[in-house]
Amino acid sequence: MKTGLVLEGGGVRGIYTAGVLDVFMEHGISFDGVIGVSAGAIHGCSFLSNQNGRSIRYYKKYCKNPRFMSMKSWIKTGDVVEAEFCYHELPEKLDPYDYAAFDENGIPFYVVCTDLDTGMAEYIRITDMKEEIDCLRASASLPYFSRIVEINGKKYLDGGCTDSIPVKAFCDMGYESNVVVLTRPIDYRKKKEQTLLAKLVYRKYPKFVKALLDRHTEYNKTVEKIISMEKNGDVFVIRPENSLDIGRLEADPEKIQRVYDTGRADAEKQIKKLLAWRAEKSKL
């Protein structure tokens, strides 16, 4: 039975996931495949290069830098996260990403992106992090606050628009024993998108508009399904007990540290149960 790791997004809220993943690294917990959406994909990268502490380090160091994530960057470049800074300068020079470790690891890594023309989720496997960095960028490109990312003639935005928690997709790929890291508490349900704004901004992409307007319904269905699977022992879920109370574009290093520490604490509390669950699943 192949083991999978499924990582939800959520902007800076995803630093919770980074805390969980660092604990996994410290306990030597690995998987046969990893799939991430938006911020989940961003933090999944450091997990796959085995760079414990990298995410919290650079988030705290650069969170006040307007090029890292800010409305100023959005006004100037069209991207709330400046592409050149975050996807090139930072991983290539400022806080180097271990591309060699990612290559040597060999664990399949998928990111979820949304095709604007079809309004469907695509699950893209990244085999070369440096050369295929735009796939990661597309997965984390928030609608309204990011430019459309074009890859091989296709136009993409945030994977969370169509499949925020891709458990079913990973099961369909053959990963039957999945650990899911969420960034919302169990009682959270998404509300409907602003209809007029979606139709105005993305009027050239009617199928994408429909996906945005259906997003809350699909998300809430997925959450209910995960709760059911969790009760049956089909997935193992780590999620915050309460709302993380942090902005999507948070620039306060103390708040970022607090949410990261919450992820670490929740993972540490669950480690014994997780290992027991995996041992039981391995017998099947």
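The values are calculated or read from the model by the stated rules, or taken from the named source; none is laboratory data. What you are looking at is a predicted structure, and each value in this text was computed from that prediction instead of being measured. All Cβ positions, even for glycine, are placed from backbone atoms using ideal geometry, and neighbour counts span all protein chains on display. We work out accessible area using only protein heavy atoms, side chains counted, and drop any ligands, DNA or RNA first. Shrake-Rupley method; radii C 1.70, N 1.55, O 1.52, S 1.80 Å.
The table below lists the values:
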| item | result |
| --- | --- |
| Single residue of Gly28, Gly33 found to be in contact (Cβ under 8 Å) with a residue 24 or more places away in the chain and surrounded by fewer than 21 Cβ atoms within 10 Å (Cβ to Cβ) | Gly33 |
| Number of positions in segment 110-131 that are outside any strand (DSSP E or B) and either surrounded by fewer than 16 Cβ atoms within 10 Å (Cβ to Cβ) or on the phi > 0 side of the Ramachandran plot (or both) | 7 |
| Matching residues, segment 122-165, being under 22 Å from Leu197 (Cα atoms), within 14 Å of the chain's Cα centre (by Cα) and in contact (Cβ under 8 Å) with a residue 40 or more places away in the chain | Ser139, Ala140, Ser141, Leu142, Leu157, Asp158, Gly159, Gly160, Cys161, Thr162, Asp163, Ser164 |
| Output for segment 240-284, where each listed residue is assigned to a helix (DSSP H, G or I), among the acidic types (Asp, Glu) and either open to solvent by 60 Å² or more (accessible area, probe 1.4 Å) or within 16 Å of Lys64 (Cα to Cα) (or both) | Glu254, Asp261, Glu268, Glu280 |
| Matching residues, segment 146-165, being of a type in the set (Asp, Glu) and either at pLDDT below 95 or outside any strand (DSSP E or B) (or both) | Asp163 |
